[in-house]
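Below is one structure; the comments refer to it alone.
Derivation of every value follows stated rules applied to the coordinates shown; laboratory data play no part. The model shown is predicted, which means the values in this text are computed figures rather than measured ones. Using ideal geometry, Cβ is built from the backbone for each residue, glycine included, and neighbour counts are taken over all protein chains shown.
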Amino acid sequence: MRKLLFVINPIAGDTDKGLALAEIEQFCSERGWNSQVLKTTGQDDAARIEQAMSDFSPDTVVAGGGDGTVNLVARLLLGKDCRLGVLPLGSANGLATELGISKNVPEALDVLHSGKVVEMDALLVNGEHYCFHLADIGYNAKLIQSFEEEGQRGQLGYARQFLRTMRERPVNRYHIEAGGRRFKQVAVMITFANARRYGTGAVINPKGQMDDGRFEVCIFHPWPRWYLLWLGFLFFIGRLEESRYVKILSVREVQVSSSGPLPLQVDGELLGERREVQVEMAEEKVGVWAPVESGKRRI
């Protein structure tokens with residue numbers, strides 16, 4: 001009998017999770033699966049999940065929420081004989097988008113029944129923070145920081161912060177050591193990409209794979225304002241590597257030093273401002289459920 005532990009973030013996405021919980025119960029009941037639900041509270045969630053795993057011994061732990069919830073669960077499963085399921089219930093569902101998991105709850109649940117398991121890589125940031133999707137320093141992290149500080153919600157608020165951050169692009173000088181090379185670079189943003197795309201669908205890392213034992217460092221040179229529309233077009237058609245303002249390196253580790261403190265985000269979570277960032281491949285992987293059709297494209 002399958003045993004699934006569902007870790008549900010009740011405030012992810014600002015929507016009522018009652019319907020999703022009913023669909024989870026029906027899905028497991030129809031298949032004769034044993035299931036338990038644990039709701040996060042923001043207090044000692046990691047310890048509570050580990051205790052539930054010890055008591056229940058699930059074969060799969062399903063993260064029901066956004067990227068933060070997925071990161072919380074995934075890092076507890078590193079190197080364990082227990083798989084990760086993803087139920088996208090948040091406002092930011094980057095990893096679910098990358099894996100091709102639908103926001104439709106029944107369809108996402110069906111992946112746990114008819115999908116396949118992919119051995120997903122993990123990145124270790126500054127020796128203590130795990131990243132499964134994307135981390136970056138500079139422009140995108142600054143955008144997230146500004147959005148949260150303003151306390152705004154919705155697409156209009158995000159668009160407002162996007163335009164403001166565009167005008168105040170955090171251009172810095174960096175010292176970069178990667179792949180046995182050392183070089184200096186002026187950049188707007190540096191992204192450390194285990195995945196290929198953001199939750200919006202924008203492809204930042206066209207040649208990336210989540211299970212190849214490497215990650216990509218995407219360096220964005222300062223671009224003229226007139227170039228923004230073309231850059232956005234390349235983002236969404238997955239041909240960003242063709243831009244002369246973008247350099248992409250495939251590595252196993254990288255060290256970045258900035259001339260000034262800049263915000264750093266990992267899987268959507270702000271970690272404050274940093275001058276130095278070290279990223280390396282973690283030793284362990286996580287087995288994650290993905291749709292079978294995702295095998296037609298790189299994961």
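The table below lists the values:
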| read-out | value |
| --- | --- |
| Pairwise FRET efficiency - Thr200 versus Ser29, Cβ, R0 = 22 Å, nearest 0.05 | 0.05 |
| Potential extension, Arg225-Ala22 segment - 0.36 nm per residue separation minus Cα distance | 68.2 nm |
| Cα→Cβ-extended label distance, 7 Å offset, between Lys184 and Glu253, nm | 2.5 |
| For segment 3-115: Kirkwood Rh in Å [reciprocal of mean 1/r, alpha carbons] | 13.9 |
| Residue pairs, from the table Lys80/Lys116; Lys17/Lys285; Lys17/Lys103, whose Cα atoms sit over 19 Å apart | Lys17/Lys285 |
| All-pairs Cα distance distribution in the chain, expressed in whole percent, bin size 10 Å | 6, 28, 35, 22, 8, 1 |
| Under 25 Å from the Cα of Lys142 - lysines, other chains or at least 8 residues apart | Lys184, Lys247 |
| Segments 80-93, 269-282, 10-23 sorted - mean Cβ within 10 Å per residue, highest first | 80-93, 269-282, 10-23 |
| Label-point gap, in nm, between Arg173 and Glu119 - each point 7 angstrom along Cα→Cβ | 4.4 |
